[in-house]
Amino acid sequence: MSQIIQTSALSQPASTDLSAYLAASQAQLRCVLTKRHPAHREPLGALLVNGGELSPADLRHALTAQQSRPNTRISDLLISQGTISEDVLYRALSAKFGVPYVRLGEFDIDPGALPLLPQNIVRAYRVLPLMLYQGRVIVAMRDPTNSEALGAISASTRVPVEAVFATGNDIEVAIATHYPPFDDADLQAEAIRL
């Protein structure tokens with residue numbers, strides 16, 4: 001049934017701009033946050049096809065492969081087959097959900113935002129505070145729909161939180177870059193122990 005729904009959406013001539021939700025700097029992210037884009041109801045595969053990132057034949061091939069692996073997401077199949085990149089996937093997910101996607105490798109993180117989240121929260125939920133915007137802390141996450149993480153972040157910051165997409169790898173690299181392996185309390189406890 002899902003194959004019928006997903007492939008029937010391919011007949012729509014409308015094109016989807018998957019870059020409309022992309023930000024590589026604070027200025028671009030502010031612009032994307034200000035414009036607010038609606039979520040798309042199209043299945044992810046149809047978004048990728050209509051965005052020009054995937055051929056209908058490649059989508060049909062992945063849907064066929066998914067029938068023998070029903071617990072595997074179509075996005076995981078497409079990435080493992082090398083049909084799309086993780087960057088393309090996150091641009092499509094951001095368009096699907098109407099949530100901005102940030103390329104952290106290029107992003108100019110506000111140093112004032114980093115201390116807003118304690119290291120234990122950053123590491124436990126794999127999130128990164130990017131900047132303050134209109135009274136909210138903007139955080140990068142692999143899954144901005146993770147309500148448990150958003151609740152913990154909000155409780156920790158006591159400031160409204162807005163999440164944006166970022167790849168898991170980008171988040172790992174950014175955490176390693178911006179947060180030392182141990183915070184001062186951990187280092188002091190280790191020094192006392194020794």
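The values are calculated or read from the model by the stated rules, or taken from the named source; none is laboratory data. Since the model is a prediction, treat every value here as computed from it, not as a measurement. We place every Cβ from the backbone using ideal geometry, glycine too, and count neighbours over all the protein chains shown. Each accessible area value is taken on the protein alone, full model and side chains, heavy atoms only, with ligands, DNA and RNA left out. Shrake-Rupley method; radii C 1.70, N 1.55, O 1.52, S 1.80 Å.
Residues Glu106, Glu42, sorted by accessible area with the largest first, give Glu106, Glu42 [1.4 Å probe; ligands and nucleic acids excluded].
Based on DSSP H segments of at least four residues, each scored -39500 (n - 2.57), the chain has a per-residue ellipticity at 222 nm of -14000 deg cm²/dmol.
Where a ≥ b ≥ c are the square roots of the eigenvalues of the C-alpha gyration tensor, would you call the stretch 29-132 rounded, which needs a/c under 1.5, or, failing that, prolate if a/b is larger than b/c, or oblate?
Prolate.
Per residue, the average separation of C-alpha pairs within less than 8 Å and at least 6 apart gives the chain a relative contact order of 21 percent.
Taken per residue, the accessible surface of the stretch 17-118 reaches 48 Å², heavy atoms only and a 1.4 Å probe.
Shown for the stretch 37-181: the carbon plus sulfur share of the solvent-accessible area, taken with all protein chains present and a 1.4 angstrom probe, equals 51%. Look at the dipole of the chain built from charges on Cβ: of Leu77, Leu128, Val102, the Cα furthest out on the positive end belongs to Leu77. Using a simple spin-label model with points 7 Å from Cα along the Cα→Cβ vector, what separation in nm is obtained for Ala155 and Arg123? Output for this residue pair reads 2.0 nm.
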